[in-house]
Structures are given as structure tokens and as C-alpha cells.
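Okay, structure first, notes after.
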Amino acid sequence: MSLAVILTAPGAPDVLKPADVSVPAPGPGEVRIRQSTIGVNFVDIYYRKGLYPMPSGHDVLALEGAGVVEAIGADVTDLKIGDRVAYTGHPLGGYAEVRTLPASRLIRLPDGVSERVAGSSMLRGLTAHMLLHKIHRLNAGEWVLVHAAAGGLGQLVTRWAKSMGGRVIGTVGSEAKMAIAKEAGADAVLLHTASDWAEEARRLADGKGAHLAVDGIGGEMLSKTLGTVRPFGVVASLGQPAGPIPPIRVEELSAPRVIGLARPSVLAYANDPDLYRQGATDLFAALQSGLINPIGAEYPLEEAAKAHEDLEAGRTTGSVILTA
């Protein structure tokens, strides 16, 4: 038996309950790992609330973690017991000391990348890679607008974009978070509660607007963000913690601005074997070269409900992890 945190029903954080569970031996093509670091992400909250339906037969949340291989099933040839590994993507089941999952989901960690760093960086790292290499391949000198720039994803996108020679305008929701976004490397930081933030963002980006805008806020923010990108720029809508996104008319994307609008899914990105392996390889190389993904809050596994409560209330910055 080992510790896991079970989703007992859709609802508030208190529906997450610690429990002792049995972990099956790995079958063909599977590996059992003992986890040390588990990432907590907003997608977990969407599953917990019932906004995303739980797959049949699953009652443990989380799509990101890292640990050590402790058992291997038949037909697994590229991993061995004792390997340090990390993962992101389906299947769900990360809130656990020990879990069994497909070997194809696991990425062996290179020297210089710890389980702690990898287990808190895979989902956000793959998201940042998707944004800066697939949604818009960022070139040196180009502008990126990043909402929630003091959050885990916002800081990582900012740091990675800067390492590629990009220029970043970050937005935050409070004065207290401005310094965090600035420390992550943002060239300018704006309060998105100010009435003129969109006009100021466009002015800062050479008066033309950003090449890429990343909106992980949702609600009314997306329609305002469309006004911050230059012609043939791209807006990526990633989530909606601020609430549902009102419908966008196609005319808002057409002449004279001609804007691209993307609703990318990092889980779909991670489900593509080639994109997943390439993204992880590039992420680990960036981490080895000095890319920083700060951990803003850490909780023992049994306090997953508290982690959800703090993340949902906006009391955290940087990545949020559970330790097993």
C-alpha cells in the first residue's frame, strides 16, 4: 500500500482526500515509479471542479511528476530500475507516492536536471516550448506579451523568451507581483487592472503591438488582448481561471489587423510522440543552460487540498509542487 490523494467527488478543494491504495505491478510496456516531486497545475483544478470530465476508472488527479523507476514490465527496453525520470500528459494519477504508467510517457533525466526541477517544469516547460516554437517560432528582437507574468507559466515563458533574444511585456494583477515579473526578465510590467494597459502594451512594442500574446486568464481578457498584437501576430488562449471566454467574432481577427488566434493544448502536444520527445529534450537542454523555473510553493502530498486552495486563490507565484 502507498499514499495517494483521491478525488471523492467534483467540488471544492476539500473533496481531495488522502488514502492508502494498492499499486499494480507494471504490465507489458509499463513502468512503476516512486515519485519525489509532483506538479500541481490549474488543469488539476478544472478536473477537480468537473469542468473537465474525469476519465472512467480514474480518481487521482495530476499530469506531471518525477521520480525513480522501481519496477519494469515486459517489453520495456529503454529504461532500467534506478533511472531518474519525469513525465507530463495522460494518464491522470500523479497525486501518489507510487504509480504505474506507460514507459512511453517517461523521459530519462540528464545529469544536471534534478527530479525536483523536472517534476515542477514538465507541463509548463512543454507549454512554453509549444508557444515559442510551434504557435509562433520566436525570433530575436520580437515582442511577447505574457499575462499573469508572475505565475509559474508566465515566469517560465518570460525567461525562455528572453533566452531566445525576445523582448517581453508582462502583465500582473497587483503591485506586489510586478517585482516578480521583472525579476523573471520582463522588459516592462503592466497592471492589467489599469484602464489603459492594452494601449500601453501596444505602444511599448514599437507602437505596432506584440508578435505573440499569451493569455492564460480568460474571461474578458482575451478580447482586450486581441488589440495588443501587430498585423499577422498571434494570440494564444490557454485557460480561463477568470471565467468563460465570451464568443469572438471572426471579423475581430480580420483586416486591418489580420490576427491569428490559437487555442493550443499542451496535453495534445504531449500526446504527439515526436513533439513530446523534442520538447522535453529542448526543455532539459535549456534547464542545463541556466533556464530557471522557480518553485513558489511546496506542500506534502497529503496537503494537496491546501495546494489547490492557495493556487486557486492566487496566493502562489511560480510553480506549485507536492513532495512524496
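Selection over region 100-124 of residues that are in a loop (DSSP other than H, G, I, E, B) and surrounded by fewer than 18 Cβ atoms within 10 Å (Cβ to Cβ) gives a count of 4.
Taking region 39-55 only, how many residues are part of a loop (DSSP other than H, G, I, E, B) and either outside the structural domain of HIS308 (by TED's automatic domain parsing) or more than 19 Å from ALA297 (Cβ to Cβ) (or both)?
At the first step, the residues of region 39-55 found to be part of a loop (DSSP other than H, G, I, E, B) are 41, 50-55.
Next cut, either outside the structural domain of HIS308 (by TED's automatic domain parsing) or more than 19 Å from ALA297 (Cβ to Cβ) (or both) only: 50-55.
Total meeting the criteria: 6.
Just one of the listed residues (VAL146, VAL189) is among the β-branched types (Val, Ile, Thr), out of contact with any Phe, Trp or Tyr (no Cβ under 7 Å at 6 or more places or on another chain) and under 30 Å from TYR52 (Cβ atoms), namely VAL146. Selection of region 215-232 for residues being more than 15 Å from ALA188 (Cβ to Cβ) and either of a type outside the set (Gly, Ala, Ser) or modelled with pLDDT of 95 or more (or both) yields ASP215, ILE217, GLU220, MET221, LEU222, LYS224, THR225, LEU226, VAL229, ARG230, PRO231, PHE232.
Only one of these is part of a loop (DSSP other than H, G, I, E, B) and farther than 22 Å from ASP310 by Cα: ALA161, ALA148, ALA128, ALA140. Name it. Before the answer, list the steps.
Numbers: ALA161 fails: part of a loop (DSSP other than H, G, I, E, B); ALA148 fails: farther than 22 Å from ASP310 by Cα; ALA128 fails: part of a loop (DSSP other than H, G, I, E, B).
Answer to the check: ALA140.
Within region 56-99, the set of residues being assigned to a loop (DSSP other than H, G, I, E, B), farther than 21 Å from ILE45 by Cβ and in contact (Cβ under 8 Å) with a residue 24 or more places away in the chain comprises GLY73, ALA74, ASP75, VAL76, ASP78, LEU79, ASP83, GLU97.
Check GLY207, GLY227, GLY243 and return the single one that is more than 13 Å from VAL144 (Cα to Cα) and within 22 Å of the chain's Cα centre (by Cα).
Numbers: GLY207 fails: within 22 Å of the chain's Cα centre (by Cα); GLY227 fails: within 22 Å of the chain's Cα centre (by Cα).
GLY243 is the lone residue from the list that is more than 13 Å from VAL144 (Cα to Cα) and within 22 Å of the chain's Cα centre (by Cα).
Residue by residue, here is whether (1) at pLDDT 95 or above; (2) within 24 Å of the chain's Cα centre (by Cα); (3) closer than 26 Å to SER114 by Cα holds:
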residue	(1), (2), (3)
ILE6	yes, yes, no
ASP20	yes, no, no
PRO26	yes, no, yes
ALA66	yes, yes, yes
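Could you grab me the full set of residues in region 190-211 that are within 16 Å of SER223 (Cα to Cα), of a type in the set (D, E, K, R) and in a loop (DSSP other than H, G, I, E, B)? Within region 190-211, ASP196 is the sole residue that qualifies.
I need the full set of residues from region 176-189 which are among the charged types (D, E, K, R) and in a loop (DSSP other than H, G, I, E, B), in order please. Let's see the steps before the verdict.
Keep residues of region 176-189 that are among the charged types (D, E, K, R), which gives 177, 182-183, 187.
If the condition is that a residue be among the charged types (D, E, K, R) and in a loop (DSSP other than H, G, I, E, B), then ASP187 is the only one that fits.
Being in contact with a strand residue (DSSP E or B) (Cβ under 7 Å, 6 or more places away or on another chain), buried (at least 18 other Cβ atoms within 10 Å of the Cβ) and within 30 Å of ALA198 (Cβ to Cβ), is that true of even one residue in region 48-67? Within region 48-67, none of the residues are in contact with a strand residue (DSSP E or B) (Cβ under 7 Å, 6 or more places away or on another chain), buried (at least 18 other Cβ atoms within 10 Å of the Cβ) and within 30 Å of ALA198 (Cβ to Cβ). Pairs are defined by a Cβ separation below 6 Å, a sequence spacing of at least 6 or placement on different chains, a first member in region 199-225 that is among the acidic types (Asp, Glu), and a second member that is modelled with pLDDT of 95 or more and outside any strand (DSSP E or B); the pairs so defined are ASP215/HIS147. Looking at region 272-315, which of the residues that are in contact (Cβ under 8 Å) with a residue 60 or more places away in the chain and part of a loop (DSSP other than H, G, I, E, B) is surrounded by the most Cβ atoms within 10 Å (Cβ to Cβ)? Filtering first and then ranking leaves ASN293. Would you mind finding the one in ILE321, ILE259 that is within 21 Å of LEU153 (Cα to Cα) and either assigned by TED's automatic domain parsing to the domain that holds HIS133 or among the β-branched types (Val, Ile, Thr) (or both)? It is ILE321.
Checked against (1) modelled with pLDDT of 85 or more; (2) part of a loop (DSSP other than H, G, I, E, B); (3) among the aliphatic types (A, V, I, L, M), ALA242 passes all but condition (1).
When you scan region 84-118, how many residues do you find that are among the acidic types (Asp, Glu) and within 20 Å of PRO24 (Cβ to Cβ)?
At the first step, the residues of region 84-118 found to be among the acidic types (Asp, Glu) are 97, 111, 115.
Narrowing the set further to residues that are within 20 Å of PRO24 (Cβ to Cβ) leaves 97.
Adding up the residues that qualify gives 1.
The values are calculated or read from the model by the stated rules, or taken from the named source; none is laboratory data. The structure presented is a predicted model; accordingly, all values stated were derived computationally and were not measured. In this analysis, Cβ positions are derived from the backbone assuming ideal geometry, glycine residues included, and neighbour counts consider all displayed protein chains.
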